[in-house]
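Written below as structure tokens is the structure these notes are about.
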């Protein structure tokens, strides 16, 4: 074999250029003709952790949506019973043994036991607490995402004075912690609406407003950065040359290309709001009039209950941890599936 023949092979084998995928290969044929969202969903289905987390999140959604029918199926409700019928007054107000674990055997009448002193059914309160947490977190996430997306689109695309003004408002809101805002608003709401028949609804609404108002800035910054890069692309320049109105460019040309960062932002915001709702209720400045995981955790931290009846604390606490963990891991999987550069 001559040196001329061997030379190119040696140089080719030492080349650092990546191998190009054969367009006729099976992998190329599978990818061809698929939209980016469809490719991302395919990658997400192959991720076992993502599938498990999606099932967990779906379980909590079903519990929240069908809290009433599930409670009826087990024969439990939120109605306050006669405490003496379910609670042993001579044993620190703990449930009677026939009311379920840990002081008695498992019973279908009260699958998760009953609450100390009050005798309220734990399963009914757990299901409706899940509903409250998801409703507040989902609604606040929707409003914060919409507001952040609109502000980010306008700031990134219009630039100039508009960008400076909106960026100033973003930075100004970032300096206000939601905990401080909640501590400020709670006494005002308690004083003005404590005697109202819709006090519970007013509390939930005010909490949604606080979370949404102080949670949109991260989304706005993310969208602004993406728009700053997209507005120089050829399809945007072509739309401008054609005289397309700004609103159409923003919502017809740019917004579809921002699906991935918006989904990622939502997946990170939702678990944060779930944890925030439970934390604020625990501190007594969230949902205090009604059913809430945070309120149950607050009652369960009673030293007597924690020692003698630990499940009263662990049931809502594990619900919060499982839901937040599943949402966070699912959000990470969504980010990886939507990122074309990752090989996970």
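Annotations for the structure displayed:
- Across region 89-99, the qualifying residues are those that are in contact with a strand residue (DSSP E or B) (Cβ under 8 Å, 6 or more places away or on another chain) and in contact (Cβ under 8 Å) with a residue 24 or more places away in the chain, and the one among them that is farthest from residue 317 (Cα to Cα) is 93.
- Residue that is farthest from residue 124 (Cα to Cα) [pool: residues in region 60-79 that are without any contact (Cβ under 8 Å) to a residue 24 or more places away in the chain and not in a helix (DSSP H, G or I)]: 66
- Of all the residues in region 100-114, those that are in contact (Cβ under 8 Å) with a residue 12 or more places away in the chain and surrounded by fewer than 22 Cβ atoms within 10 Å (Cβ to Cβ) number 7.
- Boolean, residue 111 is modelled with pLDDT of 85 or more, at negative phi, outside any helix (DSSP H, G or I) and out of contact with any strand residue (DSSP E or B) (no Cβ under 8 Å at 6 or more places or on another chain): yes
- Residue 326 within 25 Å of residue 211 (Cβ to Cβ), surrounded by fewer than 21 Cβ atoms within 10 Å (Cβ to Cβ), out of contact with any strand residue (DSSP E or B) (no Cβ under 9 Å at 6 or more places or on another chain) and touching a residue at least 24 places away in the same chain (Cβ under 8 Å): no
- Restricting region 292-343 to residues that are outside any helix (DSSP H, G or I) and touching a helix residue (DSSP H, G or I) at 6+ places or on another chain (Cβ under 7 Å), the residue that is modelled with the highest pLDDT: 292
Matching residues to (1) out of contact with any helix residue (DSSP H, G or I) (no Cβ under 7 Å at 6 or more places or on another chain); (2) without any contact (Cβ under 8 Å) to a residue 60 or more places away in the chain; (3) surrounded by 15 or more Cβ atoms within 10 Å (Cβ to Cβ):
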residue: 170; (1), (2), (3): no, yes, yes
residue: 183; (1), (2), (3): yes, no, no
residue: 199; (1), (2), (3): no, no, yes
residue: 221; (1), (2), (3): no, no, yes
residue: 262; (1), (2), (3): no, no, yes
residue: 273; (1), (2), (3): no, no, yes
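- Failed criterion for residue 159 (all others in (1) at pLDDT below 90; (2) buried (at least 17 other Cβ atoms within 10 Å of the Cβ); (3) within 19 Å of residue 218 (Cα to Cα) hold): (2)
- Test: residue in region 137-156 that is closer than 30 Å to residue 100 by Cβ, surrounded by 15 or more Cβ atoms within 10 Å (Cβ to Cβ) and touching a residue at least 24 places away in the same chain (Cβ under 8 Å): yes
- Condition check for residue 124: surrounded by 17 or more Cβ atoms within 10 Å (Cβ to Cβ), touching a residue at least 24 places away in the same chain (Cβ under 8 Å), within 22 Å of residue 314 (Cα to Cα) and more than 16 Å from the chain's Cα centre (by Cα): yes
- Test: residue in region 232-252 that is touching a helix residue (DSSP H, G or I) at 6+ places or on another chain (Cβ under 7 Å), farther than 20 Å from residue 126 by Cβ, surrounded by fewer than 17 Cβ atoms within 10 Å (Cβ to Cβ) and touching a residue at least 12 places away in the same chain (Cβ under 8 Å): yes
- The number of residues in region 296-310 being surrounded by 22 or more Cβ atoms within 10 Å (Cβ to Cβ) and touching a residue at least 60 places away in the same chain (Cβ under 8 Å) comes to 2.
The values are calculated or read from the model by the stated rules, or taken from the named source; none is laboratory data. Computed from a predicted structure; not experimentally measured. Note that each Cβ is placed from the backbone with ideal geometry, even for glycine, and that neighbours are counted across all protein chains shown.
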